[in-house]
Amino acid sequence: MRVLIADDEKLIREVIKEYCLENNYEVIEAENGIEAVKKAENADIIVMDVMMPKMDGFTAYKMIKQKRSIPTIILSARGEEYDILSGFDLEIDDYMVKPFSPKELMARINAVTKRYKGEEKIFIYKDLKVDFLGHSVYIKNKELTLTPKEYDLLVYFINNKGIALSREQLLNKVWNYDYIGNDRTIDTHIKMLRNNLGEYRNLIITVRRMGYKFETKE
C-alpha cells in the first residue's frame, strides 16, 4: 500500500513517513496541492494538509476525485466545526486536527484502508459476535434486538476500533447525510446501544470533551 503524504511542512511529512514505513506502507511525498494532484495516481491512500501553497488541500482533493476514488484523510490546524463539516461534505474519509498523535493517525489510516478493502465477515470478542453478512449481533449465542442505527453505530465503532470519534463524525458517517441535530442524538443512541450490549457495554468508552471510542482488551 502506498501512502501519499501531502504537506508543506517537511518535519510533519518526515514524522508521518517514519510511522508509515514502520507499518509497512510505501510513501510518496508532495509539498503542495498541485504536486499532490500529479502524484495521487500512484497512491492507494492520501494524507493531506488543508493549508498548502499553490493549491489548498480541499481543492486538490476535488481535482483528484474527478479522476478517481481514493481514500483520503485531511489534516488541518483549523478545528472549527465549519471546516470539519466542509471536509465531510466533500466525502473525505477522515479529518484530523493538528497537532495530532502519529499513532492515532496510523490507526485511522489502517481503519480507512480496511474499509476500502471490505469489512470482515464476522467480528468476535469473547462471547460477543457480530455477523456483518447476516446483519446480526449475538452475546452467548443469543441474538440482540438492535435498532438499525444502533447496529450501524456498533459496526462503525468496530471498523474504527481504538480511534477516538467525535460526535460530529459519528453523525456524518453513521447517519450518512447532513443531519440537523445535536449531541443528544448520539448520546441517546450510545446509551441504548450500551444497554443492549450488557456486560460488554464498557467496550464503548466516553472520550471526555470529544465523543466515544470502541476498545477491546486483547
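Bear in mind that the values in this text are calculations on the coordinates, not laboratory data. Source: prediction; values computed, not measured. No Cβ is skipped: glycine too gets one built from the backbone with ideal geometry, and neighbour counts run over all protein chains shown.
Can you spot the lysines whose alpha carbon is less than 27 Å from Lys149's alpha carbon? Ignore those fewer than 8 places along the same chain.
Within the straight-line limit of under 27 Å, Lys149 reaches these lysines: Lys114, Lys117, Lys121, Lys126, Lys129, Lys140, Lys161, Lys173, Lys191, Lys213, Lys217.
Hey, got the dipole for segment 129-218? About the Cα centre, +1 on K and R Cβ, -1 on D and E Cβ, debye to the nearest 20?
300
So for segment 1-134, taking the charge dipole from beta-carbon charges (+1 Lys/Arg, -1 Asp/Glu), which of Pro53, Ile28, Pro99 sits furthest toward the positive end?
Ile28
Jot down the radius of gyration and Dmax of segment 14-73, Cα atoms only, both in angstrom.
When restricted to the Cα atoms of segment 14-73, Rg and Dmax are 11.2, 32 Å.
What ranking, highest mean first, results for peptides 47-55, 17-25 when packing means the other Cβ atoms within 10 Å averaged over each residue?
Per-residue mean Cβ counts within 10 Å order the peptides as 47-55, 17-25.
Working out 0.36 nm times the residue gap between Ile139 and Tyr116, then minus their Cα-Cα distance, what length gain in nm do you get to one decimal?
5.5 nm
So what's the back-of-envelope 222 nm ellipticity for the chain, counting only DSSP H runs of four-plus at -39500 (n - 2.57) apiece and dividing by all residues, rounded to 500?
So the calculated ellipticity at 222 nm is -13000 deg cm²/dmol.
What ranking, highest mean first, results for peptides 199-209, 56-66 when packing means the other Cβ atoms within 10 Å averaged over each residue?
56-66, 199-209
Can you tell me the dipole magnitude for the chain around its Cα centre, using point charges on the Cβ only (Lys, Arg +1; Asp, Glu -1), in Debye to the nearest 20?
640
Quick check on segment 2-116: what are the equivalent-ellipsoid semi-axes from the Cα gyration tensor, as sqrt(5λ), descending, whole Å?
Calculated on Cα positions only, the semi-axes equal 18, 16, 15 Å.
For Leu4, what is the net charge nearby, where nearby means another residue's Cβ is under 13 Å from its Cβ and Lys, Arg count +1, Asp, Glu -1?
-2
Considering the dipole of segment 119-214 built from charges on the beta carbon (Lys and Arg +1, Asp and Glu -1) around the Cα centre, which of Ile205, Leu193, Val130 is farthest to its positive end?
Ile205
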